[in-house]
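Each remark here refers to the structure printed beneath this line.
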Ligand code: G3P
Ligand code: CA
């Protein structure tokens, strides 16, 4: 059975603050196949790599991303000043005084793509759009424009690096996935699945996405979902796989991609560690 691809969740967050270039560089350096980033749209329409609606957990500022202009966000220090516990989403474990290697500026998707495309093939990218309702389809339109600028839209088929899509779009929103599939049919999409699987199982397997993305807890409860997804022609990308037992389950079920806060540990367990 083929081993799953390893995707570093928000960068290699055990080694550096999430959504910083330091975290993404670290993930690439240890051999992760891809990195994951969350994107939100600022008030003036710029895509930035921030997970939460608010910025207080990952910067020294206060406010809602979609209500602030990029210039306002850039007044705050991101990443190096604050660090979230990667295993407990709402817990800040340290306010660090690490050297400000990235100037502490909020990471824009453009800056991340500058890095990713500087050495094509080193590490691929999974982009999760967050809360598309406030800006409606502008988020997906901006994402498509961004991918076009970087030559990542594909033409009839995805741009591939080492035989895998260079970039994928993911969302919990079925509407956002449908919009992306309409706007950029060559970009693979992952329909993320939150708390409930059974009520929407059939709908997901027939949806627009090229892959489905359940949480690992959903697979523990419904392991047959992987075979059913494969039978429906969809890859299975599972999050967030941090424990050895969960990696074993994902491998046994034939999961295609595991998304993890601990890429170093999983790569080691897969016999790929340095
Ligand atoms: O990869 C999917 C995963 O990132 C979804 O959860 O909250 O970490 O964005 P969250
Ligand atoms: Ca995410």
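Brief remarks on what is shown
- The stretch between residue 272 and residue 172, if pulled fully straight at 0.36 nm per residue, gains 33.0 nm over its current Cα-Cα span.
- Extending 7 Å from the Cα toward the beta-carbon at both residue 122 and residue 71 defines two label points whose distance is 3.3 nm.
- Taking every DSSP helix (H) stretch of at least 4 residues in the chain, weighting each as -39,500 (n - 2.57) and dividing the sum by the residue count yields a mean residue ellipticity at 222 nm of -8000 deg cm²/dmol.
- A straight chain from residue 64 to residue 149 at 0.36 nm per residue would run longer than the Cα-Cα distance by 27.9 nm.
- Residues 76, 225 in ascending order of nearby Cβ atoms (within 10 Å, fewest first): 76, 225.
- Normalised contact order of the chain, rounded percent, pairs of Cα under 8 Å and 6 or more residues apart: 20
- The distance linking the range 117-160 with the range 184-199 is 16 Å (Cα centroid to Cα centroid, whole angstrom).
- Convex hull (Cα only) mean projected area of the chain, reported in nm² to one decimal: 13.5
Any read-out appearing in this document is the output of simple, stated calculations on the displayed coordinates, not a laboratory observation. All values reported here derive from a predicted model rather than from experimental measurement. Glycine gets a Cβ as well: all are built from the backbone with ideal geometry, and neighbour counts include every protein chain shown.
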